[in-house]
1. For segment 328-343, indicate whether the set of residues that are part of a loop (DSSP other than H, G, I, E, B), modelled with pLDDT of 95 or more, open to solvent by less than 10 Å² (accessible area, probe 1.4 Å) and under 18 Å from residue 195 (Cα atoms) is non-empty.
2. Quick check, is residue 220 under 19 Å from residue 137 (Cβ atoms) and open to solvent by 30 Å² or more (accessible area, probe 1.4 Å)?
3. Given the structure, is residue 358 crowded, with 19+ Cβ neighbours inside 10 Å and closer than 27 Å to residue 151 by Cβ?
4. Could you tell me whether residue 228 is within 30 Å of residue 99 (Cβ to Cβ) and either out of contact with any helix residue (DSSP H, G or I) (no Cβ under 9 Å at 6 or more places or on another chain) or of a type in the set (Gly, Ala, Ser) (or both)?
5. In segment 232-243, which residue that is more than 28 Å from residue 112 (Cβ to Cβ) and in contact (Cβ under 8 Å) with a residue 60 or more places away in the chain is least open to solvent (accessible area, probe 1.4 Å)?
6. Could you say whether any residue in segment 180-200 is within 22 Å of residue 286 (Cβ to Cβ), of a type in the set (S, T, N, Q) and in contact with a strand residue (DSSP E or B) (Cβ under 8 Å, 6 or more places away or on another chain)?
7. List the number of the failed condition for residue 364; all other conditions in (1) open to solvent by 10 Å² or more (accessible area, probe 1.4 Å); (2) aromatic (Phe, Trp, Tyr); (3) closer than 30 Å to residue 76 by Cβ hold.
Amino acid sequence: MDPRITKLSEILVHYSIGVRKGDKVAIRGDVVAMDLVDGVLRQVLEAGGHPVVLLEADRLKETLLQGAGGEQLDWASPIEEVVHQEMDAIIYARGASNTRLLNGVDPGNQARYQQAQRPFQELRLARTAEGSLRWVVTQFPCDALAQEADMSLREYQDFVYAATFADREDPVAAWQEVHDMQQRLVEWLDGREHLQVQGPNIDLSLSVQGRRFLNSDGRYNMPSGEIFTGPVEDSVEGWVRFSYPAIRDGREVEGVEFHFEGGRVVRATAEKNQDYLLSQLDSDTGARYLGEFAIGTNEGIRRFTKNILFDEKIAGTVHMAIGAGYPQTGSRNRSAVHWDFICDMRQDSRILVDGELFYQNGAFQE
């Protein structure tokens, strides 16, 4: 086994989650990520935790969404309730056998299924905010994701393990450096009220009054490297054209542009898969509002890979998510959707905070 898998398992269990003796830990992994699932399981056992392994596969989700009828799509599994209500921690080890497997699924079925799962998402967010649930999500470097990123498997493995610091002798020290750098930014932003985001692809204003910026330092996402908040829901005004395709459930939506009034997306267009984009925006009342605004800081991620876990962390970009916000930021937006879109800020762009220059051409100015 690649020793970097063992190192990544250690990072997830001991740094990201901090598994303690007696913790009930759900390990949710795709079958293609079996080596990582096994590594995580070993580390949880060594830490004295009580693991529950839940294996998943993208082909099974395709079967479910294509074959399920109305009542079946609306059904919420009691197993999910146990996982989200009773576990102390959840570790997600994602992978894929075919990133376009759900292209042929009826978007209506997907939206209906998402609504049925919404209570579990809201429970996870609420327990996270109160501190009773820890979780982390990562991606295992597999063939399908490597192909999506236009890399060989070996090249993609090197990319993933470098981004997570699993190729370093002391990855925890490296993540601590990320934490310290971002903490200075978060503290500077504390108590600020208004952001203006300007550039060739964006002209947005939004309020963060009473909201918190959080330091994403590898404890929820692995890799990480971002600071984020939840904008005041009705405050977003202006427009944004996203620099990269947005991919959700196997569908690639390209050339997306949003126009906001009173915080709401009042006009949305896309050059590719616009109907799917609109189906997600119309899935519930919260889906047309922003639940997140964030700035990517990871200098080790410089190329677009069509994987949002990595791409939203690209240094020199901002991203924003329509739909559900994180309660610990102060966000009140609720939705079954949480979908991130990325805008490049590395040329002729800036962020003003209460009129003061905070960020210019992809670099912090504070």
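1. yes
2. Details: under 19 Å from residue 137 (Cβ atoms): yes; open to solvent by 30 Å² or more (accessible area, probe 1.4 Å): yes.
For residue 220, the condition - under 19 Å from residue 137 (Cβ atoms) and open to solvent by 30 Å² or more (accessible area, probe 1.4 Å) - is met.
3. Numbers: crowded, with 19+ Cβ neighbours inside 10 Å: yes; closer than 27 Å to residue 151 by Cβ: no.
Here the answer is no, as residue 358 does not meet what is asked.
4. Details: within 30 Å of residue 99 (Cβ to Cβ): yes; either out of contact with any helix residue (DSSP H, G or I) (no Cβ under 9 Å at 6 or more places or on another chain) or of a type in the set (Gly, Ala, Ser) (or both): no.
No.
5. The extreme case among them is 240.
6. Of the residues in segment 180-200, the ones within 22 Å of residue 286 (Cβ to Cβ) are 195, 197.
Now drop any that are not of a type in the set (S, T, N, Q), which leaves none.
No, there is no match, as no residue in segment 180-200 is within 22 Å of residue 286 (Cβ to Cβ), of a type in the set (S, T, N, Q) and in contact with a strand residue (DSSP E or B) (Cβ under 8 Å, 6 or more places away or on another chain).
7. Tallying (1) open to solvent by 10 Å² or more (accessible area, probe 1.4 Å); (2) aromatic (Phe, Trp, Tyr); (3) closer than 30 Å to residue 76 by Cβ, residue 364 fails exactly one: (3).
Matching residues to (1) within 25 Å of residue 361 (Cβ to Cβ); (2) modelled with pLDDT under 95; (3) in contact with a strand residue (DSSP E or B) (Cβ under 7 Å, 6 or more places away or on another chain); (4) of a type in the set (S, T, N, Q):
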residue: 231; (1), (2), (3), (4): yes, no, yes, no
residue: 241; (1), (2), (3), (4): yes, no, yes, no
residue: 247; (1), (2), (3), (4): no, yes, no, no
residue: 301; (1), (2), (3), (4): yes, yes, yes, no
residue: 319; (1), (2), (3), (4): yes, no, yes, no
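The values are calculated or read from the model by the stated rules, or taken from the named source; none is laboratory data. Not measured: the values here are computed from a predicted model. Because the Cβ atoms are built from the backbone with ideal geometry, glycine has one as well, and the counts that use them run over all protein chains shown. Calculation scope for accessible area: heavy atoms of the full protein, side chains included, ligands and nucleic acids excluded. Shrake-Rupley method; radii C 1.70, N 1.55, O 1.52, S 1.80 Å.
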